[in-house]
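Chemist: Here it is, the structure in full.
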Amino acid sequence: GSCRGKTSVTFTPVRSLTEEEKEEKEGNARYKIVEGVYSWEDADQKCREMGGHLATITSKSEMDTITKMLEKEDLKYCWLGGYTSYDEEGNVYGHWVTGEEFGYQAWTSTEPSRQDADGVPEWYVMLWYLPDYGGWSWNDQRNYPFPANTKLEKSACFICEYEW
């Protein structure tokens, strides 16, 4: 027999993106927050295994988007896809894992410090929330800062970014 159904459509069909829209979308990123205590290197590897990369923040609007997501989850200490290097004069250079320009920066006033209080070098960028320093900012951290600073463990995460 033949199929008969209602003649009115009750859903909106999905249409294909135009080439122009695809170009627009390419600049947009999606984020996934992974809670837990990880070294920066482990977080970096896990994001890659998940098909993304540790999140990069290249503008104030990206910073705002990510911090709003973290506030909803009550997370305060999260790895970003940033790391630093230094020249012989001690000048600090920031880098993103994607190779994007490290133009926008949101360091805490005393950061990047390049080493922890106990002298251990700090290379990796963490986004953290410190009310005493005005809220959300960046800090350079050792690869695995948690044993040295247990308060971080309670609301730690990393943020994966997916390019579409």
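The values are calculated or read from the model by the stated rules, or taken from the named source; none is laboratory data. From a predicted model like this one, the values you see are computed outputs, not experimental measurements. The accessibility values were calculated without ligands, DNA or RNA, using every heavy atom of the protein model including side chains. Shrake-Rupley method; radii C 1.70, N 1.55, O 1.52, S 1.80 Å.
Chemist: If you split all Cα-Cα distances of the range 102-154 into 5 Å bins from zero, what percentages do you get per bin, shortest first?
Modeler: 5, 19, 29, 28, 15, 4, 0
Chemist: Here is a follow-up. Would you mind estimating how fast the range 45-102 diffuses translationally, via Stokes-Einstein at 4 °C and 1.567 mPa s with the Kirkwood radius over Cα pairs, in µm²/s?
Modeler: 99
Chemist: How far is the Cα center of the range 41-92 from the Cα center of the range 143-159, in Å?
Modeler: 14
Chemist: By its C-alpha gyration tensor, with a ≥ b ≥ c as the square roots of the eigenvalues, how is the range 59-133 shaped: rounded for a/c under 1.5, else prolate for a/b larger than b/c, else oblate?
Modeler: oblate
Chemist: Residues of the range 121-164: accessible area per residue at 1.4 Å, in Å²?
Modeler: In whole numbers, the range 121-164 has 45 Å² accessible per residue.
Chemist: Give, to the nearest whole percent, the P(r) tail of the range 33-164 beyond 17 angstrom, counting all Cα pairs.
Modeler: Beyond 17 Å sits 56 percent of the P(r) for the range 33-164.
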